[in-house]
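A short worksheet on the structure shown next.
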Amino acid sequence: MKTISSIEEMQFFSTESKHKNLSIAFVPTMGFLHEGHLSLIENAKKYADIVVVSIFVNSKQFAENEDFGSYPRDLKRDSELCEDKKVDILFIPEVDEMYPNDFSSTVKVSGIDNHLCGISRPDHFEGVTIVVAKLFNIVRPDTVIFGQKDYQQCLIVQKMIKDLNFPINLIISPIIREVDGLAKSSRNKYLNEDQRKQATSIYRSLCFAEKQMKEDLGDIDKIYKEITNLLKSNDAEIDYVEFKNAEDLSPFKHGNKHILLAIAVRFGTTRLIDNIIIEV
Ligand code: PAF
């Protein structure tokens, strides 16, 4: 595995690879890798000759009151994990090079950001799209792998790829869970012992809803009530519990083939998200 931190060197590597007709699959991350990320890397290998993983904790996608400063970082461990997974290139750009003092561009994908996390984290997705657009121009991947856990992010990046004509195929990889169902997340480490147990109520809610939707599609209100009761009885502070059309996040309607149930809750100060796509 080669580690690159210079943007110019990364671009040079990508251009050389294209000349050699070698395809690139790319996994962008903010580091503190867990099995969810490792599954994205495994998936990436199926799509290309070369796998590039980036680690960059992107300040632009965190609001002032969020956890940018304390976001977990462990480059040494991340680098060892990537080496074990036989990643070809680990790209760790410098903040000053990504965002020099005179940096002034934005990329906004309007519409899909008006829902779910876009409401509680108003500038978050603009921060994501600017960094992802930059990374696409630097890494020049043929395929990019994103995790379903950030489903809204997947749809927004997909729309950006289409609108801005990036020649990139986006693959959505399934959510990886702990044995008790909690979705793997770098933020799970903030949970204390009680919160960790309570947090399993998220996955229990998703499973309950899926079962009910398949049996009794008509009664969304009843399912919603049951889920929010379950979450609240586990001390979860609800940010949202929403049923959406999984294609475009428009409001759920009977007749939608793929229904997204998305949940965002706080246990103490830790905000967790999860979702399920229910086929009906
Ligand atoms: O999903 C993430 O980890 C981040 O939003 C991403 C895509 C790496 C951009 O910073």
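The values are calculated or read from the model by the stated rules, or taken from the named source; none is laboratory data. What you see is a predicted model; the values in this text were computed from it and never measured. Glycine also receives a Cβ, built like all others from the backbone with ideal geometry; neighbour counts cover every protein chain displayed.
With the requirement that a residue be more than 28 Å from Thr106 (Cβ to Cβ) and in contact (Cβ under 8 Å) with a residue 24 or more places away in the chain, what does the stretch 46-74 give you?
First, the residues of the stretch 46-74 that are more than 28 Å from Thr106 (Cβ to Cβ): 46-51, 74.
Result: Tyr47, Ala48, Asp49, Ile50, Val51, Asp74.
Restricting to the stretch 26-35, what's the tally of residues that are near the ligand (Cβ under 10 Å from one of its atoms) and either within 22 Å of Phe103 (Cβ to Cβ) or not in a loop (DSSP other than H, G, I, E, B) (or both)?
Adding up the residues that qualify gives 5.
When you go through Asn169, Asn137, Asn165 one by one, which is the residue that is on the phi > 0 side of the Ramachandran plot and away from the ligand (no atom under 13 Å from the Cβ)?
Exactly one residue qualifies, and that residue is Asn165.
What is the number of the single condition among (1) farther than 23 Å from Gln158 by Cα; (2) surrounded by 14 or more Cβ atoms within 10 Å (Cβ to Cβ); (3) more than 16 Å from the ligand (Cβ to nearest atom) that Glu16 does not meet?
Just one mismatch for Glu16, condition (2).
Return the residue satisfying two criteria in turn: it lies in the stretch 137-151 and is among the polar types (S, T, N, Q) and more than 8 Å from the chain's Cα centre (by Cα), and of such residues it is nearest to Ser6 (Cα to Cα).
The initial filter retains those residues of the stretch 137-151 that are among the polar types (S, T, N, Q), namely 137, 143, 148.
From what is left, the residues that are more than 8 Å from the chain's Cα centre (by Cα) are 137, 143.
Details: Asn137: 14, Thr143: 22 Å.
Top of the filtered list is Asn137.
Find all pairs meeting these conditions: Cβ atoms under 6 angstrom apart; at least six residues apart or on different chains; first residue within the stretch 150-178 and closer than 13 Å to Ser110 by Cα; second residue away from the ligand (no atom under 13 Å from the Cβ) and part of a loop (DSSP other than H, G, I, E, B).
Ile156/Val109; Lys159/Val109; Met160/Val109
Is one or more of the residues making up the stretch 224-232 modelled with pLDDT under 95 and surrounded by fewer than 19 Cβ atoms within 10 Å (Cβ to Cβ)?
No, the stretch 224-232 contains no residue that is modelled with pLDDT under 95 and surrounded by fewer than 19 Cβ atoms within 10 Å (Cβ to Cβ).
Among the residues in the stretch 116-130, are any among the charged types (D, E, K, R) and within 15 Å of the chain's Cα centre (by Cα)? Walk me through it before giving the result.
Step one: list which residues in the stretch 116-130 are among the charged types (D, E, K, R), which gives 121, 123, 126.
Retained after the next criterion (residues that are within 15 Å of the chain's Cα centre (by Cα)): 121, 126.
Yes, some residue in the stretch 116-130 is among the charged types (D, E, K, R) and within 15 Å of the chain's Cα centre (by Cα).
Quick one: would you say Tyr151 is crowded, with 19+ Cβ neighbours inside 10 Å and more than 16 Å from the ligand (Cβ to nearest atom)? Reasoning before the result, please.
Values: crowded, with 19+ Cβ neighbours inside 10 Å: yes; more than 16 Å from the ligand (Cβ to nearest atom): no.
Criteria not met by Tyr151.
Here is a list of conditions, (1) modelled with pLDDT under 95; (2) not in a helix (DSSP H, G or I), and Gln212 meets all of them except one; can you say which number that is?
For Gln212, the exception is condition (2).
I need every pair where a residue in the stretch 183-208 that is under 15 Å from Val265 (Cα atoms) and without any contact (Cβ under 8 Å) to a residue 60 or more places away in the chain has its Cβ under 6 Å from the Cβ of a residue that is of a type outside the set (Ser, Thr, Tyr) and part of a loop (DSSP other than H, G, I, E, B), sequence separation at least 6 or different chains.
Short answer, once both residue conditions are applied: Thr200/Asp180; Thr200/Gly181; Thr200/Leu182; Ser201/Asn234.
Using the structure shown, decide if Val157 is assigned to a strand (DSSP E or B) and within 14 Å of the ligand (Cβ to nearest atom). Before you say what the answer is, go through the steps one by one.
Values: assigned to a strand (DSSP E or B): no; within 14 Å of the ligand (Cβ to nearest atom): yes.
Judged against the criteria, Val157 is not a match.
Show the residue pairs that are 6+ apart or on different chains and have beta-carbon atoms under 7 Å apart, the first residue being within the stretch 1-23 and within 15 Å of Val87 (Cα to Cα), the second being part of a helix (DSSP H, G or I) and not charged (D, E, K, R).
Met1/Cys82; Thr3/Ser79; Ile4/Met10; Ile4/Phe13; Met10/Ile138; Met10/Val139; Ser14/Val139
Answer yes if at least one residue in the stretch 244-255 is buried (at least 16 other Cβ atoms within 10 Å of the Cβ) and outside any loop (DSSP other than H, G, I, E, B), and no otherwise.
yes
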